[in-house]
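FYI, it's all coordinate maths here, none of it is from the lab. Computed from a prediction, not measured in an experiment: that's the story for all the values here. In this analysis, Cβ positions are derived from the backbone assuming ideal geometry, glycine residues included, and neighbour counts consider all displayed protein chains.
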Amino acid sequence: MNARIDPFRTGYLLICLLLTQAAFSQSSPTDFHSWASIPPMGWNSWDCFGPTVTEAEVKANTDYMAAHLKPFGWDYIVVDIRWYVGNDKAHGYNETDPDYTLDEWGRFQPAVNRFPSAAGGRGFKPLADYIHSKGLKFGIHIMRGIPVLAVKRNLPVKGTSTTAAAIYTEKDQCRWLHDMYTVVPGKPGAQEYYNSLFELYASWGLDFVKVDDLSSPIYFSEEVEMIRKAIDRTGRKIVLSTSPGETPVAHARHVQQHANMWRTVGDFWDSWGQLKEHFDVFDRWNKWRAYGAYPDGDMLPLGRLGIRAERGNPRMTAFTRDEQYTLMTLWSIFKSPLFFGGNLPDNDPFTLSLLTNKAVLDVLKGSKNNRPLYNDADKAAWAADGPDGKSKYLALFNKADQRLAVEEKAVWNSGLINRETPQQSKLADVPLNGARKLYLAVLNGGDNTDWDHADWINPVLHKGTDSLLLTSLKWVRASSGWGRVRLNQGVSGSGLMVNGKAYQNGIGVHSTSVVEYDLPEGCTRFTALAGIDNAAAVQNAGATVQFLVFTEDPAGPQPAGQMPVPVDLKQLGIIQPCTVTDLWTGKVLGRFTGTFSPQINRHGAGMYKITAGR
């Protein structure tokens, strides 16, 4: 005999079941945001080894992190770009005859000459196992899309009856590296290709993936979603980082919902100008931070950089100690992911101290309601609430700069030049009128300085009918916003190239740059082609710069070495006397009421904990 079904009771039970399932899905630990409950912290090989890092170097950095940094929360080891090329080079990429390593399904494999443990088809699993044995996590960098070589060989897509040639398009191919073609969303086999990639990576034991050419200058929302699906179906907790930047703010909600971290800038190097830009960038992105989803200010170019990197020569970071404090303070109060870019075994005691200050790292991990208080031309302040709900954190910054070139003093101004400018250059023809000094300056055009590579091509001094190459003279001084000023090369060390044409003679710089010369007597004119370098023309959003010529010192006044950076404590909700502790030094500075206004070094920062009452 069948029991009578009560429709009201059945409906009630169904609603309860659905509500229970909904609650479980919202709190379930399988949600990918929970995989990054605090901003990820680790090491990335790019800033020191570019596309040429080896297994031995990865292991050396692993050993250092396990011994010195793991107790402070550092735990990711990331192998950056082109680990699948056996003959790549420093200061650029080998696109002439790259020795790719590819499996039968069109998936890149580690180059065995660089990663010997990958021999026999083992991939990165032995290296991942080594990293895991140290209590750390393993990550890699990949490029969006499907290998060009897989398409040319028409290799099959694993798990399907289709091939690479059926799911690709040359449209929107990466402008700066041509390893990949775009995967066409919706094509039969497209999702399966990404599925096969992450099945492979999960079998290696991957914990982190940085996907490049995914978010700037074009944000590929459909490929982001394919990657998200492919990661989720593996069942492995693989943190997703999108690159490069700036990710278009219009897509902030989408990237927040599909990735754990996303870049807010292009490649960030040891340049004060680039560091200073982050104050505006972080103001812009602050509201988009969420649990397990972090705007990413890019790697920390600290320690020993440029060993075999794309930019610059081997060096300890060009940042001063004050600038390094600013970097770590700003990234921590903003809660950006922290990925160290230098070669860890080469750290000096000061660098190590920056990475192991527990009080500062506690701000990164546990602070709440992080927010800018103000950001003016010379000063900035950020605040956050402590995890106890009572204490406050305060970060103060002295951004004051000397203006290296005041435009009003210029005798020639190119106006803004970018890759849309005809010929990507302007011709300078400047009367010298008996001047005894010449200053060549390049300024940022008002956007960011990520790729402001600029060239003075064929710079010539004229004396009536005679002429003299400016590059035959020694400059008095030369500064470059990134790297160093170079003769007859671009600032990155590559050949001079403007608008696709190579030149033999010229000066390569990066904004903000000033090159000073003493002029021989009798010079009447100066001529040069002022143009953006090829590196600036092809990278991401490119560059926007301004070339200027001066015949007198172009600089503005030098700011003081220190200045007060004040905060009204009422802004923090503190109206009674409070105790202030300097988190970098651990010193209790005393009790304050009303205003806190410490002296901050130029380009420096302070990080403080404020506790109300005694």
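Below is a table of values for the structure above.
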{"quantity": "Mean Cβ neighbour count within 10 Å, used as a protection proxy, ranking 279-290, 78-89 highest first", "calculated": "78-89, 279-290"}
{"quantity": "Reachable aspartates and glutamates from residue 187, criterion Cα separation under 15 angstrom, eight or more residues apart if same chain", "calculated": "170, 222, 223, 225"}
{"quantity": "Between 0 and 90°, nearest 10: helix 272-285 axis offset from the chain longest Cα axis", "calculated": "40 degrees"}
{"quantity": "Filtered trypsin sites (Lys or Arg not before Pro), region 445-494: DSSP coil and at most 10 other beta carbons within 10 Å", "calculated": "474"}
{"quantity": "Sequence-distant lysines (8 or more away, or on other chains) whose Cα lies within less than 20 Å of residue 59", "calculated": "70, 125, 134, 137, 210"}
{"quantity": "With Cα atoms, 0 to 90° folded angle of helix 221-234 axis to the chain main axis", "calculated": "40 degrees"}
{"quantity": "Centroid-to-centroid separation of region 460-538 and region 579-601 [C-alpha atoms, Å]", "calculated": "47 Å"}
